[in-house]
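The values are calculated or read from the model by the stated rules, or taken from the named source; none is laboratory data. Remember, predicted model here, so these are calculated numbers, not experimental data. As a convention, Cβ positions derive from the backbone with ideal geometry for all residues, glycine included, and neighbour counts pool all protein chains shown. To get the accessible areas, we keep the full protein, side chains included, count just its heavy atoms, and leave off ligands, DNA and RNA. Shrake-Rupley method; radii C 1.70, N 1.55, O 1.52, S 1.80 Å.
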Amino acid sequence: YQDAIARAEGSVNAIQSLTRDNPTQQLALRRLKPRLTARFAELRETIELRRARGVSSALDVVGTDRGKVQMDAVRAQIDAMRAEERRLRVSRLQQMDTAYSTATLSGVLAAILGIGLTLAVGFLVHRSTLARQRQTWLQAGEVGLGQAMLGDKTVHQLSDSILDFLTSY
């Protein structure tokens, strides 16, 4: 009896601590405590009757099924609390699955977006490089054409010089 009281108090305190953030379980625990108190009171009464008046008096109290009714109420309350914890666990697992799916989808989309942006930047850099090369080529051609036209030349010499440059360029 003494061991059961100590274990029950320890379990109730542990449950109270573990469910501190759950008002539903705290309410269920407040309902459970008087039932446990009543059950232990009935057991204490039976033990005291056994010591004071003998086995038959104790059996008379046991025969009323008052203790069984109280214990059934305790079991029912504990079963309800377990059902609530199972429901919470299933809910949390579903939330975790949803969060995992969302995180996976976000990661995949971020990777696709990253690849797309990398390709776009690469394309723009390539296009810019080609434009710069084309501009450099045009500037070099203008300089070369200007050099081909330098000096006092006749129209025939000038045209030959321009055509020679343009042909090779």
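In the chain, taking the dipole from charged Cβ atoms about the Cα centre, the farthest positive-side position among L32, A58, A103 is held by A58.
Think of each Lys and Arg Cβ as +1 and each Asp and Glu Cβ as -1; about the Cα centre, that makes the dipole of the chain roughly 1360 debye.
Applying both filters, DSSP loop and at most 12 other Cβ atoms within 10 Å, to the trypsin sites (Lys or Arg not before Pro) of segment 8-43 gives R20.
By the helix-only formula, in which each DSSP H run with n ≥ 4 contributes -39500 (n - 2.57) and the sum is divided by residues, the chain has a 222 nm mean residue ellipticity of -33000 deg cm²/dmol. Candidates I162, A131, T19 compared by Cα position along the dipole of the chain: farthest toward the positive end lies T19, with charges placed on Cβ. Dipole magnitude for segment 61-116: about 120 debye, using +1 per Lys or Arg Cβ and -1 per Asp or Glu Cβ, origin at the Cα centre. Phi angles across segment 123-137 convert, under the Karplus curve 6.51 cos²θ - 1.76 cosθ + 1.60 with θ = phi - 60°, into 3J(HN,Hα) values of 4, 5, 5, 4, 5, 5, 4, 4, 5, 5, 5, 5, 5, 5, 4 Hz, Gly and Pro given as x. Only protein atoms count toward the accessible area here, which uses a 1.4 Å probe; on segment 54-169, the carbon and sulfur part of that area reaches 65 percent. Each residue of segment 23-35 was assigned a 3J(HN,Hα) from its phi angle through the Karplus expression (A = 6.51, B = -1.76, C = 1.60, θ = phi - 60°), giving x, 4, 6, 5, 5, 4, 5, 5, 6, 6, 4, x, 5 Hz with x at Gly and Pro. Evaluating 6.51 cos²θ - 1.76 cosθ + 1.60 at θ = phi - 60° for every residue in segment 43-55, the Karplus couplings come out as 5, 4, 4, 5, 5, 5, 4, 4, 6, 7, 10, x, 5 Hz, glycine and proline recorded as x. Relative to the longest principal Cα axis of the chain, at what angle does helix 2-18 sit, 0 to 90 degrees, rounded to 10? Helix 2-18 sits at roughly 30 degrees to that axis. Per residue, the solvent-accessible area of the chain (1.4 Å probe, heavy atoms of protein chains only, all protein chains present) comes to 76 Å².
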